[in-house]
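**Student:** I'd like to ask you about the structure that follows.
A short reminder: the numbers here are calculations on the coordinates, not readings from a lab. As the structure is a prediction and not an experimental result, all values here were calculated from the model. Positions of Cβ are generated from backbone atoms using ideal geometry, with glycine treated the same way; all protein chains shown enter the neighbour counts.
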Amino acid sequence: MKIAIIGGAGAMGSVFGSFLFNGGNDVHLVDVSKTSVDQINSAGLTVKNSAGESRVAAVPATTDPATVGEVDLIITFVKCYHTEAAIRAAAPMIGDSTTVLSLQNGWGNAQRISDIIGKERVVVGVTYHSASLLEPGVVRHNAAGITHIGELDGKLSERLGSIAAAFSEAGLDVHQSSQIVSDIWSKLALNVCTLPTSALLRFTAGELPKHNGTLELMRSLLHETALVANAQGIQLDEEERWKSIVALLERAGAGKSSMLQDVENRRLTEIDVINGAITKAAATTNIETPYNLAMVQLIKALEETF
C-alpha cells in the first residue's frame, strides 16, 4: 500500500511510519520541518523503545507533497490547528481512490477534513501508542497500544479492512470498529483528564495518580465528560473509564503527555479539541462543565505567555 503520513517527522508519525515501512509498505513522511526531513533522509528515521534499544528505517521524507504523487492512504497526525492547511497542501497526493485517516487527538478533526475533501474520503481512528520526539529524526516509542479505526457511518467496509490488514501485517495492534465515535470519546475522556492536568502541573503521566488532588480533579473532569457524551447518545461508561484511566497512569512511568511536551516547547496546545470539545458540546445541553472550562481558561492563559 502506498501511504503518506502528514506530520510524519513528529513523534507519532515517525512511530507509525517506521512500523508501516518495515512492514513492506511504500511509505512517505511529509512534514513542514526541513531540518527533520533532511536528517531522516541523510541518516534514516531512528525509533527507540522504552528500554533504549534503537531501530533505523530508511523511510523517505519530504516537505513537498507534490513529489510523492497520488497515494492509497494518507494518515494525518498534525496538530488540530494545522489540519485545514495540511489537507489543502496534501491535494497533489489525493487521487480518486485515496482515503484520509485521521489519528489525531481530540474531537472535531474529521469534520475539518470532510469539509475540504468530502466525508466519503474520510476514515477516523484513535490510538493508544505513546511517543516523544527526542531530536530531529529520533523518537522514543514510550508505549505500544491498540489503534481503533472506523468509518464515520459505522460500516465495516472493504477499505477499512485493507487499512487494518496493512497495520496488522506491520505489527500494529488494530481493531476495526463499528462504533468509532464512542471509541474516540473513550480516548477523549482519558485526554480530558490527563493532558491539561499534566501540562499545568508539569507532571509526568506516572505522577498523576499519586496525589489525592489530581485524582479528585481528574474524576471531576471525567464526570462532566461522561454526562456530555451520554447526553449526545454517545456511550461512555464513567466507572469503566475511571478504572481504565487510573490503571493506565499507574503503569505509565515517566512518559510526558503531548500537551506537556507542547508547553515545555512553548507551542500552542490542542486544548480546543480536548477540554474545549467538552465545553462546546455542553453548550447544546443543559449540562454545566466548570472543571473543563477552567482547564481551557488556564491553558489559554499559559499559552499567552509563550
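**Student:** Give, rounded to the nearest 20 debye, the magnitude of the charge dipole that the chain has about its Cα centre when Lys and Arg contribute +1 at Cβ and Asp and Glu contribute -1 at Cβ.
**Tutor:** Dipole of the chain, to the nearest 20 debye: 480 debye.
**Student:** Then there's this: Classify the chain: rounded, prolate or oblate, from the alpha-carbon gyration tensor (a ≥ b ≥ c, eigenvalue square roots; a/c under 1.5 rounded; otherwise prolate if a/b is larger than b/c)?
**Tutor:** prolate
**Student:** Amide H neighbours of LEU103 under 5 Å, counting only residues 5+ apart in sequence or on other chains, H built in-plane at 1.01 Å?
**Tutor:** When sequence neighbours closer than 5 places are left aside, the close amide H contacts are THR76.
**Student:** Continuing with this model, one more query. Given +1 on the Cβ of Lys and Arg, -1 on the Cβ of Asp and Glu, and no further charges, what dipole in debye does region 95-206 carry about its Cα centre, rounded to the nearest 20?
**Tutor:** About 360 debye.
**Student:** Let me check against my output: what whole-number percent is the relative contact order of the chain, with C-alpha pairs under 8 Å and at least 6 apart?
**Tutor:** Working: 589 pairs, mean separation 45.2, N = 306.
Once divided by the residue count of the chain, the mean separation gives 15 percent.
**Student:** By count of other Cβ within 10 Å, fewest leading, how are ILE116, ILE87 ordered?
**Tutor:** ILE116, ILE87
**Student:** Counting DSSP beta bridges with both partners in the chain, what percentage is antiparallel, nearest 5?
**Tutor:** 35 percent
**Student:** So what J values fall out for region 277-287 if you push phi through Karplus, 6.51 cos²θ - 1.76 cosθ + 1.60 with θ = phi - 60°, rounded to Hz, Gly and Pro as x?
**Tutor:** These are the phi-based 3J(HN,Hα) values: 5, 5, 5, 5, 5, 5, 5, 8, 10, 9, 8 Hz.
**Student:** I need SER14, SER178 ordered by Cβ neighbour count within 10 Å, fewest first.
**Tutor:** So the ranking, lowest neighbour count to highest, is SER178, SER14.
**Student:** Given R₀ = 41 Å, FRET efficiency for SER178-ALA51 by Cβ-Cβ distance, to 0.05?
**Tutor:** 0.70
**Student:** A follow-up question, please. Dividing the Cα convex hull volume of region 2-178 by residue count, how many Å³ per residue is that?
**Tutor:** Numbers: hull volume 17.6 nm³, N = 177.
Once divided by residue count, the hull of region 2-178 is 100 Å³.
**Student:** Now for a different question. Taking Cα atoms, how many degrees apart are the long axis of helix 158-169 and the longest axis of the chain, rounded to 10 and kept between 0 and 90?
**Tutor:** It works out to around 80 degrees.
**Student:** Right, something else. Pick from ALA61, ALA283, ALA90: which is most flexible by mean-square fluctuation in a GNM of the chain where alpha carbon atoms under 10 Å apart are linked?
**Tutor:** Comparing ALA61, ALA283, ALA90 in a Gaussian network model of the chain, the most mobile one is ALA283.
**Student:** For the chain, which span is the longest to avoid every loop-located (per DSSP) member of trypsin sites (Lys or Arg not before Pro) having at most 15 other Cβ atoms inside 10 Å? Numbers along the way, then the final one.
**Tutor:** Details: sites that count: LYS155, ARG202, ARG251, ARG266, ARG267.
Counting only loop sites that pass the neighbour cut-off, the longest clear stretch is 1-154.
**Student:** Just from its helices, what would the mean residue ellipticity at 222 nm be for the chain, if runs of 4 or more DSSP H residues each count -39500 (n - 2.57) and the sum is divided by every residue, rounded to the nearest 500 deg cm²/dmol?
**Tutor:** -13500 deg cm²/dmol
**Student:** Pick from PRO92, PRO65, PRO196: which is most flexible by mean-square fluctuation in a GNM of the chain where alpha carbon atoms under 10 Å apart are linked?
**Tutor:** Among PRO92, PRO65, PRO196, the largest mean-square fluctuation in the Gaussian network model of the chain belongs to PRO92.
**Student:** Let me ask something additional. Shape of region 181-303 from its Cα gyration tensor (a ≥ b ≥ c, root eigenvalues): rounded if a/c is under 1.5, otherwise prolate when a/b > b/c, or oblate?
**Tutor:** Cα axes put region 181-303 in the oblate bin.
**Student:** If the cut-off is 12 Å between C-alpha atoms, which aspartates and glutamates fall inside it for LYS2, apart from same-chain ones fewer than 8 positions away?
**Tutor:** Cross-link targets: ASP26, GLU70, ASP72.
**Student:** OK, next. Can you compute 3J(HN,Hα) from phi for each residue in region 7-17, using the Karplus curve 6.51 cos²θ - 1.76 cosθ + 1.60 with θ = phi - 60°, rounded to whole Hz and x for Gly and Pro?
**Tutor:** Result, rounded to whole Hz: x, x, 8, x, 4, 6, x, 5, 4, 5, x.
**Student:** Pairs LYS34/LYS79; LYS48/LYS243; LYS119/LYS256: which exceed 22 Å Cα-Cα? Intermediate values should be presented prior to the final figure.
**Tutor:** On the way: LYS34/LYS79 17 Å; LYS48/LYS243 29 Å; LYS119/LYS256 34 Å.
Violating the 22 Å limit, Cα to Cα: LYS48/LYS243; LYS119/LYS256.
**Student:** Moving on. Helix 180-201 versus the longest principal axis of the chain: what is the Cα-based angle in degrees, 0 to 90, to the nearest 10?
**Tutor:** 70 degrees
**Student:** Something else now. Tilt of helix 34-43 relative to the longest C-alpha principal axis of the chain, in degrees (0 to 90, nearest 10)?
**Tutor:** 60 degrees
**Student:** Identify which of ALA43, ALA170, ALA57 has the largest mean-square fluctuation in a Gaussian network model of the chain, with springs joining Cα atoms closer than 10 Å.
**Tutor:** ALA43
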